[in-house]
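The values are calculated or read from the model by the stated rules, or taken from the named source; none is laboratory data. None of the values given here were measured: they were computed from a predicted structure. For neighbour counting, all protein chains shown are included, and Cβ atoms are generated from backbone atoms with ideal geometry for every residue, glycine included. Remember, those area values only see protein heavy atoms, side chains included, never the ligands or the DNA or RNA. Shrake-Rupley method; radii C 1.70, N 1.55, O 1.52, S 1.80 Å.
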Amino acid sequence: MNIVVLVKQVPDTATERKLSSDDNTLDRAASDGVINELDEYAIEEALLLKEKHGGEVTVLTMGPDQATDSIRKALSMGADKAVHLVDDELHGSDALQTAYALSKALGTVEFDLVVLGSESTDARTGVVGAALAEYLGLPQLTLAGKVDVDGSAIRIQRATDYGYDVVDAQLPAVVSVVEKINEPRYPSFKLIMQAKKKPVEKLSVADAGIDAAQVGLANAATETSDFAPAPPRAAGTVVKDEGDGGAKAAEFLAEKKFV
Amino acid sequence: MAEVLVLVDHVDGEVKKVTTELLTAARRIGEPAAVWVGEGAESGKAKLAEFGAEKVYSAPSELNDYVVAPKAELLAKLAGEKSAAAVLVSATPENKEIAGRTAVKLGSGVLTDVVDITGELVAEHSVFGGATVTHSRVRSGVPVVAVRPNSVPAEAASGAGELEEAAVELSEAATGAKVVERVVQEKGARPELTEAAIVVSGGRGVGSDDFSVVEALADSLGAAVGASRAAVDSGWYPNQFQVGQTGKTVSPNLYVALGISGAIQHRAGMQTSKNIVAVNKDPEAPIFELSDFGVIGDLHTVAPQLTEEVDKRK
Ligand SMILES: Cc1cc2nc3c(=O)[nH]c(=O)nc-3n(C[C@H](O)[C@H](O)[C@H](O)COP(=O)(O)OP(=O)(O)OC[C@H]3O[C@@H](n4cnc5c(N)ncnc54)[C@H](O)[C@@H]3O)c2cc1C
Ligand SMILES: Cc1cc2nc3c(=O)[nH]c(=O)nc-3n(C[C@H](O)[C@H](O)[C@H](O)COP(=O)(O)OP(=O)(O)OC[C@H]3O[C@@H](n4cnc5c(N)ncnc54)[C@H](O)[C@@H]3O)c2cc1C
């Protein structure tokens, strides 16, 4: 079974926080991108499925040159090869354009299953998996907490408000994962060394057959006009419990008319 | 005035609060038209009319038998037929997926996690875990917008609530992922987590699967109960109550964090709460950085005292 895992490189949320504390070391680190956390779970799930059913795991990333770091990391977890969709024309693509471009890039790879994260940590739209299934015309098996493949049949547990739904489909299909699905492995030294030699194919917009008039900032259907830091939260009160902590908290709630 | 389609969230025929918020927002843009999938439109329509719905389109429950795609086909079809000005859904994981597919079908764009919207369809988003506020719009096609619960205060306004059957011929692609079983893990009497005005959450500091210290405070405040991932992973509280980046995003008027450190992934799901109260025995816990009121102490003594005081003041 051949699997493509979609991996997005995102700014490291943890280092970003320390950026504001003006620490030079972490400042440097903050400019590094990391693999979107949930995509590590997607890679792990793909590797588990490969170990069970055989086949190859291909990483597909759309992003600028720096995204190579995340691709190497994915390869060092055990993926076999990678496709890097990289082209200045793609800059500023919104969620649907990203899904469209990825659907085209998938046309250059043979696959039975596409696995991705259910949400990125930076934009958090959570729509790429669904939009991709729409573009590809494939079954949408998103928000999966458990995946089982049997021949050409696939069954997932889809996380819902009330628990989960059991969903059946036939391969090929698009699966997105939630974080409780597994525990991603750490790359071994041996795999890190091997990853350096694994093939990474670069794909341009033209190579993938992407219509350049449908991607990039200028062609995006969505447009962000401005942004600003959220108004800072007023510094709160912190008290030490001297046997009256609960009572003091109750006073605060009363002041705010919650009680 | 152009119709604005609002996808109704309902449980067993009961309209969720977020839908009344969406109808309120829809009135700024045009004429609200509710879209109901499944049983219960007949009894639910009164509530929708009370918040300004002029029309209620009712579609068969068969659409729920497959993952997401059928609802997107319905919304796209209605948006085309009625020349809708916009499509609004609540920003739940499933509805965001519906929004994405609907926008692909309409050849338009999707805006997610919107916290406010103007009559001119300029959307305000809260991004990066609440650290940044952006404004954006869809500049071509019918905008599809996913609005966060508790963002737009619901205001009543009477509408005709005229019921109309709606149907859609499902494509083959839409029926590829079939729901064969629904597993309900827990459904308490407490308010729904994402909709609740008050949320009380417990973390690793609770120390065991005895969450009664959290639940008691929640019940005295009429609140929903949430949990950090550490508490969920330890098996202390069911998965669907997890708050955070990979759990629910909540934006209540009051969020109470008991024994939660305030990791970035937890903050991503609660940072836009209007008031935050934290109890933690570690004075350095990051949760205190965003608290309006914090108590440094053991939650097992502070929370029961708080519960008692709240009960006394009722
Ligand atoms: C703060 C912010 C807000 C935004 N809001 C919107 C918005 O409201 N509407 C909109 O249309 N766009 C929005 N965007 C643009 C959006 O980030 C990008 O289009 C992005 O490429 C895809 O969206 P996502 O990261 O939210 O995907 P999600 O749907 O959250 O990601 C799910 C999964 O898709 C896969 N994936 C996503 N991108 C890639 C990629 N480039 N390469 C490989 N795999 C990938 C990953 O496996 C990921 O886990 C926003 C961007 C930012 C920074
Ligand atoms: C991909 C990914 C996704 C994630 N998604 C989420 C998510 O959605 N939601 C989420 O919550 N986390 C998420 N996490 C995990 C997150 O990083 C933290 O590990 C988690 O939030 C910690 O939970 P906690 O605060 O309960 O536990 P801890 O960080 O261990 O904090 C426990 C706190 O309780 C205090 N404490 C202990 N005993 C007491 C006592 N008796 N009285 C008072 N205080 C006490 C301690 O001082 C400490 O501050 C995610 C992580 C990853 C990698």
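Numbers at a glance
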read-out: Residue list for the range B:185-206, restricted to those being of a type in the set (Gly, Ala, Ser) and either within 13 Å of another protein chain (Cβ to nearest Cβ) or open to solvent by 50 Å² or more (accessible area, probe 1.4 Å) (or both); value: B:GLY188, B:ALA189, B:ALA196, B:ALA197
read-out: Residue match in the range B:157-168 (condition: away from ligand 1 (no atom under 16 Å from the Cβ), within 29 Å of B:LEU23 (Cβ to Cβ) and within 12 Å of another protein chain (Cβ to nearest Cβ)); value: no
read-out: Single match in A:ASP226, A:ASP207 (criterion: more than 9 Å from every other protein chain (Cβ to nearest Cβ) and either in contact (Cβ under 8 Å) with a residue 60 or more places away in the chain or not in a loop (DSSP other than H, G, I, E, B) (or both)); value: A:ASP207
read-out: Only listed residue being within 10 Å of chain A (Cβ to nearest Cβ) and of a type in the set (Val, Ile, Thr), chosen from B:THR112, B:THR118; value: B:THR112
read-out: Selection within the range B:252-262 - open to solvent by 10 Å² or more (accessible area, probe 1.4 Å) and within 12 Å of ligand 2 (Cβ to nearest atom); value: B:GLY259, B:SER261
read-out: B:GLN265 of a type in the set (S, T, N, Q), within 8 Å of ligand 2 (Cβ to nearest atom) and open to solvent by less than 10 Å² (accessible area, probe 1.4 Å); value: no
read-out: B:ALA173 vs. criteria more than 14 Å from every other protein chain (Cβ to nearest Cβ) and either farther than 23 Å from A:ARG124 by Cβ or not charged (D, E, K, R) (or both); value: no
read-out: Strands (runs of 3 or more DSSP E) contained in the range A:33-95 and holding at least 1 residues more than 14 Å from chain B (Cβ to nearest Cβ) and within 16 Å of ligand 2 (Cβ to nearest atom); value: A:33-35
read-out: Residue check for A:GLY151: more than 16 Å from ligand 2 (Cβ to nearest atom), free of Cβ contacts under 8 Å to residues at least 24 places away in the same chain and on the phi > 0 side of the Ramachandran plot; value: yes
read-out: Some residue of the range B:299-314 being in a loop (DSSP other than H, G, I, E, B), facing another protein chain (nearest Cβ under 9 Å) and near ligand 2 (Cβ under 8 Å from one of its atoms); value: no
read-out: Selection count where residues are in contact with an Asp or Glu (Cβ under 9 Å, 6 or more places away or on another chain), of a type in the set (S, T, N, Q) and farther than 23 Å from B:LYS17 by Cα, scope the range B:103-130; value: 0
read-out: Test set (1) of a type in the set (S, T, N, Q); (2) more than 18 Å from the chain's Cα centre (by Cα); (3) crowded, with 21+ Cβ neighbours inside 10 Å; (4) within 11 Å of ligand 2 (Cβ to nearest atom) - B:THR249 fails condition number; value: (2)
read-out: Matching residues in the range B:301-314 - criterion: being in contact with a Leu (Cβ under 9 Å, 6 or more places away or on another chain) and surrounded by fewer than 20 Cβ atoms within 10 Å (Cβ to Cβ); value: B:PRO304, B:ARG313
read-out: Residues of the range B:276-293 classified as at the interface with another protein chain (Cβ under 8 Å from one of its Cβ atoms) and open to solvent by 20 Å² or more (accessible area, probe 1.4 Å), total; value: 3
read-out: Some residue of the range B:77-93 being within 14 Å of chain A (Cβ to nearest Cβ), of a type in the set (A, V, I, L, M, F, W, C) and within 24 Å of A:GLN214 (Cα to Cα); value: yes
read-out: Whichever residue in the range B:66-110 is within 16 Å of ligand 1 (Cβ to nearest atom) and of a type in the set (S, T, N, Q) and, among such residues, is farthest from B:PRO143 (Cα to Cα); value: B:THR92
read-out: Wholly enclosed strands (runs of 3 or more DSSP E) of the range A:129-201 bearing at least 3 residues surrounded by 24 or more Cβ atoms within 10 Å (Cβ to Cβ); value: A:140-150, A:153-159, A:173-177
read-out: Criterion (out of contact with any Asp or Glu (no Cβ under 8 Å at 6 or more places or on another chain) and among the hydrophobic types (A, V, I, L, M, F, W, C)) met by exactly one of B:VAL225, B:VAL184; value: B:VAL184
read-out: Residue in the range B:249-264 that is in a helix (DSSP H, G or I) and more than 16 Å from ligand 1 (Cβ to nearest atom) present; value: no
read-out: Matching residues, the range A:111-124, being more than 15 Å from ligand 2 (Cβ to nearest atom), open to solvent by 10 Å² or more (accessible area, probe 1.4 Å) and modelled with pLDDT of 95 or more; value: A:PHE111, A:ASP112
read-out: Residue list for the range B:176-230, restricted to those being among the aliphatic types (A, V, I, L, M), part of a loop (DSSP other than H, G, I, E, B) and within 16 Å of ligand 2 (Cβ to nearest atom); value: B:LEU193
read-out: Qualifying position, being open to solvent by less than 70 Å² (accessible area, probe 1.4 Å) and farther than 30 Å from A:GLY117 by Cβ, among A:ALA228, A:ALA235, A:ALA254; value: A:ALA254
